[in-house]
Amino acid sequence: MSWARMNRPSVERPARGGWKRFTGPALILLVAVIATSPQFFQGNSCGHDFNFHLVSWLDAQQSWRHGLFYPHWAPSPNFRAGEARFVFYPPLTWMLGAALGLFLAWKPVPIVLTILLLTATGLATRKLAQQVLQDGPATLAGCAALFSGYSLFTAYERSAFGELAGGFWIPCLLLLILRDRNSAAGLFGRAFDGSALPLALVVAGAWLSNAPLGVMASYLLAGVSLTAAVQLRSWAPILRASVASAIGLGLSAFYLVPAAVEQRWVEIRQATDDPGLLIENSWLFARHAGEAMELHDVELLRVSAIAVTMIALTLAGVFFSWRRGRFATQRAWWLSLAVIPVVVLLLQFPISLPLWNALPKLRFLQFPWRWLVVLEAPMGIFFAAAVWTSRRRLRIAMTVVYAIFLVGITMFTAEVFFQHCDSEDSVRGSLRAYRDGLGFAGTDEYAPPGADDSLVATDLPDACFTTNPVVVLGRGEDGTTPAWSQEQGTCEATFQATANGVKAPAEHVRIAAVAPQAGFLILRLRTYPAW
């Protein structure tokens, strides 16, 4: 069979006018709201990264108010000693969260952001599925993708908003690689056509949302393009992917280049060298001795169950879709997606360790199960293709079953994945600490080389004058955060920093100090060469 015949559109979609055009997107939005509904009643889910993102939004918005659109320094971490967080963490999600905070109260911002990202996941998957499926099953595919176990795990237990954006970027990437261009060779046949630019924008979007997501998107682009090249016996897909990758990396260079150059100024290796962050310690259903890995293993058990479920559903969907004749047309399209669950499964076992060690930056993912974000769209599409029926009565009955299933999954999420907030970690507690100028704990991988964030004291003055340059500021019991007070006598005088004449966090501050004698001025700033 020729490629032109395989690439011929297999779906003739009837024209839909009026409000019916919005039925599918509206349904996906409704399902995203249902998926987020536990937070309407229980409040925000304070997952692992919740406080990190909230503080980033607050600091970014405060920097905007001082005229800094793209700040590099986050002043609140390390109890107002700051860190170069915005150099190393991609800007899209912290900018989006800060922008939402301009129009909404801070408490609903994480909820609204979750709804937006889940809706984007469903809509992008639906658009991808519409290449080969009618609107009904394509909408079902979008709902299944945004309600996948991994998307809810990411939203609730991890609060990893940057990675949650991958549910949108990955199907967009697959869409642009696989879509039909109504030409004899389709999109693959043109290595340097204008469609390389949209693909480059998706690559840049992935990198600017989350660095591990950028790594996965780049390897996914390479893998799917290689699969297409083998099927077509042509270099065109590989050349086109290379062009799109180069342009995409160039578009995101304003973030990638400083982050790469300035890595030597911080302890960035702590992001991968901690035992809980090693690839070798996160294989499917792995278990470890010792209390230090106990919480890690609890989380690994949950996500391993999610991985097995998603991979099993996807492979079952591949089998039944093939049996139903879905592969009869656009065979290359289906096969390109069918390879994904097999590769994701392989990467969950120790047999894949040589790949993790050999491929550049792959170990930066920290956890093999992070690849599940790549599986969300294929799982949704193969599931919908396998179960959708043209019989109206049977379809109504299955819709009822799906609705019951969604409610059940929502209740399960509220019980298992939802993370209740401690008073100091809640939005209200964090806002109180922020407005009182107390600051927050720092991020280990952004600490200066050889430094220990746990030794940074609270309540430090903006500037401390002393005749002893190695004086230790702050005291604390073993295992507790040290605190500074004037009564300790470590500062002979203290001074306040101002920004534009106002006491506020900013990258450009002024300290006016009249010293009583010769000595040293110790600033409340973490060591960083860019200062």
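The values are calculated or read from the model by the stated rules, or taken from the named source; none is laboratory data. Not measured: the values here are computed from a predicted model. Note that each Cβ is placed from the backbone with ideal geometry, even for glycine, and that neighbours are counted across all protein chains shown. To get the accessible areas, we keep the full protein, side chains included, count just its heavy atoms, and leave off ligands, DNA and RNA. Shrake-Rupley method; radii C 1.70, N 1.55, O 1.52, S 1.80 Å.
List the relative contact order of the chain as a percent without decimals, with contacts defined as Cα pairs under 8 Å and 6+ residues apart.
On the way: 790 pairs, mean separation 112.2, N = 531.
21 percent.
Indicate the gyration tensor shape class of the chain (rounded, prolate or oblate), computed on the Cα atoms with a ≥ b ≥ c the square roots of the eigenvalues: a/c under 1.5 is rounded; otherwise a/b larger than b/c is prolate and the rest oblate. Write down the numbers at each step before the final one.
Working: a/c = 2.13, a/b = 1.91, b/c = 1.12.
Prolate, since a/c reaches 1.5 and a/b exceeds b/c.
Have a look at the DSSP beta bridges in the chain and tell me what percent are antiparallel, nearest 5. Before the final figure, lay out the partial values.
Details: 12 of 14 bridges.
Roughly 85 percent of the DSSP beta bridges within the chain come out antiparallel.
For segment 227-306 and segment 431-475, write down the distance between their C-alpha centroids in whole Å.
Here the two parts' Cα centres lie 31 Å apart.
So how do 150-160, 290-300 stack up, highest first, on mean other-Cβ count within 10 Å? Please list the in-between numbers first.
Working: 150-160: 24.7, 290-300: 13.5.
Listed from highest to lowest mean packing, they are 150-160, 290-300.
What accessible area, in Å² to the nearest ten, does a 1.4 Å probe give for Glu267?
50 Å²
Leaving ligands, DNA and RNA out of it, work out the accessible area of Trp265 with a 1.4 Å probe and give it in Å² to the nearest 10.
60 Å²
Sorted by accessible area with a 1.4 angstrom probe, largest first, how do Arg324, Arg428 fall?
Numbers: Arg324 115, Arg428 180 Å².
So, going from the largest accessible area down, we get Arg428, Arg324.
What value, in deg cm²/dmol to 500, does the helix sum -39500 (n - 2.57) over DSSP H runs of n ≥ 4 give at 222 nm once divided by the residues of the chain? Mind showing how you got there, number by number?
On the way: 23 runs with 282 residues, N = 531.
Value at 222 nm, helices only, nearest 500: -16500 deg cm²/dmol.
Using r as the Cβ-Cβ distance of Arg323 and Trp356, and R0 as 45 Å, what FRET efficiency do you calculate, to the nearest 0.05? Please list the in-between numbers first.
Values: r = 35 Å, r/R0 = 0.77.
Once rounded, the FRET efficiency stands at 0.85.
Given a 1.4 Å probe, how much area per residue of the chain is accessible, in Å²? Display every interim value, and only then the final one.
Details: 24430 Å² over 531 residues.
Ligands and nucleic acids excluded, the result is 46 Å² per residue.
Averaged across orientations, what area in nm² does the convex hull of the alpha carbons in segment 423-495 project? Write down the numbers at each step before the final one.
Numbers: hull surface 25.3 nm².
Mean projected area for segment 423-495: 6.3 nm², to one decimal.
With every protein chain in place, what's the accessible area of His48 (1.4 Å probe, Å², nearest 10)?
Roughly 100 Å² of His48 is accessible to a 1.4 Å probe.
Return a whole-number percent for the relative contact order of segment 312-455, with Cα pairs under 8 Å and 6 or more residues apart as the contact set. Don't skip to the end; give the middle numbers.
Numbers: 61 pairs, mean separation 35.5, N = 144.
Reported as a whole number, the value is 25 percent.
Quick one: pull the percent of accessible area on the chain belonging to carbon and sulfur, 1.4 Å probe, ligands and nucleic acids left out.
After summing per-atom areas, the C and S share lands at 62 percent.
Going by average Cβ neighbours within 10 Å, how do the peptides 247-260, 119-132, 482-495 rank, with the highest at the top? All intermediate terms of the calculation are to be shown ahead of the outcome.
Numbers: 247-260: 17.0, 119-132: 25.7, 482-495: 15.0.
Going from most to least packed, we get 119-132, 247-260, 482-495.
Residue by residue through segment 150-158, which ³J(HN,Hα) values in whole Hz follow from phi under the Karplus form 6.51 cos²θ - 1.76 cosθ + 1.60 (θ = phi - 60°), with glycine and proline marked x?
6, 5, 6, 4, 5, 6, 9, 6, 10
Where does each of Ser242, Ser336 land when they are ordered by accessible area, with a 1.4 Å probe and the largest first? Mind dumping the intermediate values first?
Details: Ser242 65, Ser336 5 Å².
Largest to smallest exposure gives the sequence Ser242, Ser336.
Need one word for segment 290-425: rounded, prolate or oblate. Basis is the Cα gyration tensor (sqrt eigenvalues a ≥ b ≥ c); a/c below 1.5 gives rounded, then a/b vs b/c decides.
On the way: a/c = 2.99, a/b = 1.26, b/c = 2.38.
Cα axes put segment 290-425 in the oblate bin.
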